[in-house]
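For reference, the structure is listed below as structure tokens.
The values are calculated or read from the model by the stated rules, or taken from the named source; none is laboratory data. A quick note: this is a predicted structure, and the numbers were derived from the prediction, not measured. Backbone-built Cβ (ideal geometry, glycine too); neighbour counts: all protein chains shown. When the accessible area is computed, the model is the full protein with side chains, heavy atoms only, and any ligands, DNA or RNA have been set aside. Shrake-Rupley method; radii C 1.70, N 1.55, O 1.52, S 1.80 Å.
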Amino acid sequence: MTTILKINNLVKSYKSKQVLTGVNWQIEQGDVVGLLGKNGTGKSTLLKSLLNINEFDSGNISVFGEAHNQLSTENKARIGYVPQENDEITWLSVADLINFRKQFYTQWSDSKVSELVERWKINLSDKIAELSPGQVQRVLIILALAPMPELLIFDEPAASLDPAGRRDFLKEILVLVADENVTVIFSTHITSDLERVANKVAILDKGQICYFDDLDTTKENVVQLMVRSNEVKAPEVPHLLRAKEHSHGLHCIVSEVDQQWLSAMAAQGHEITVNPMGLEDIFLELTA
């Protein structure tokens, strides 16, 4: 398995506020990773840092085996990026912007552009400034997909899209992954979007990736435990992700249930209730 992205101990501050506090993360080829985090937790900062748009305080990042700030021209062309906010030249028409961006790539799929322009009903003669936020987002997605990149990075890609647009965008991601073995990282706070396309989920909280695993494993294994105990000190809980004390014990989130431990606790008189959780509940609990 080929490692596409590797981040070691990434730290980033804005003035006196530390946004990223030591991020460690590794993405493998072909993964579709949904990055969940509440607004203001540093998702955009993290993505811009790995793209060398933002400087950071310490740590290191490698993309395609090269330092992120020393990427070869060839490897830069293998990355597609859709920012959260439009940073393109707004007085250009859609056609002129597409032709302008095409000049910077040795590989460019005119057929992909034509297909998406037609499907998304984009008027090529309209100026970028005249488009709605959703139409601008569609154009940015087209610009990211046209060079047929191997790594796609999306920062809240569906935030400005209507439900039909979101569905089409997510469908496009599934096609790319199936046909081209593209690696995708997209930040979002919409768990339903993530569940439609991602095979892995990462959760950013308090400046770190506090959770990262396969989506199916997450939905199957992560549960809530209510531990009620008459002892002064509550028992230690294996595979613990988060815990909060309450009057009679612990409210825990665990990455899996240790059945042997569960039986031993029951034999000792501890009352433990296992509650299944959906992805949204897991996200909210781990970022509370």
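Quick notes on this one:
- Residues satisfying the criterion are present in the range 158-167 (criterion: hydrophobic (A, V, I, L, M, F, W, C), touching a strand residue (DSSP E or B) at 6+ places or on another chain (Cβ under 8 Å) and open to solvent by less than 50 Å² (accessible area, probe 1.4 Å)).
- Selection over the range 177-194 of residues that are closer than 20 Å to Ile79 by Cβ and under 15 Å from the mean Cα position of the chain (by Cα) gives a count of 7.
- Scanning the range 140-176 for residues that are charged (D, E, K, R) and part of a helix (DSSP H, G or I) yields a total of 5.
- Any hit, the range 98-121, residues being in a strand (DSSP E or B), over 21 Å from the mean Cα position of the chain (by Cα) and modelled with pLDDT of 90 or more: no
- Residue pairs whose Cβ atoms lie under 6 Å apart, sitting 6 or more positions apart in sequence or on different chains, and linking a residue in the range 1-26 that is farther than 28 Å from Pro149 by Cα and open to solvent by less than 90 Å² (accessible area, probe 1.4 Å) to a partner that is of a type in the set (Lys, Arg) and in a strand (DSSP E or B), are Val19/Lys12.
- Residue match in the range 50-68 (condition: under 20 Å from Lys200 (Cα atoms) and under 14 Å from the mean Cα position of the chain (by Cα)): yes
- Of everything in the range 133-174 that is among the basic types (Lys, Arg) and farther than 30 Å from Ser62 by Cα, the residue that is nearest to the chain's Cα centre (by Cα) is Arg166.
- The C-beta contact set for the range 267-284 (first residue open to solvent by 90 Å² or more (accessible area, probe 1.4 Å), second residue β-branched (Val, Ile, Thr) and in a strand (DSSP E or B), distance under 7 angstrom, 6+ apart or interchain) comprises Pro276/Val223.
- Set side by side, the residues Glu195, Glu180 differ, and just one is surrounded by fewer than 14 Cβ atoms within 10 Å (Cβ to Cβ) and under 13 Å from Val32 (Cβ atoms), which is Glu180.
- Meets criteria (surrounded by 15 or more Cβ atoms within 10 Å (Cβ to Cβ) and either basic (Lys, Arg) or modelled with pLDDT under 85 (or both)) for Leu250: yes
- Only one entry in Glu74, Glu88, Glu66 is closer than 22 Å to Glu28 by Cα, out of contact with any strand residue (DSSP E or B) (no Cβ under 9 Å at 6 or more places or on another chain) and either in contact (Cβ under 8 Å) with a residue 24 or more places away in the chain or loosely packed, with under 13 Cβ neighbours inside 10 Å (or both), namely Glu74.
- Residue count for the range 122-147 under the criterion of being within 20 Å of Leu170 (Cβ to Cβ) and either open to solvent by less than 70 Å² (accessible area, probe 1.4 Å) or at pLDDT 90 or above (or both): the result is 15.
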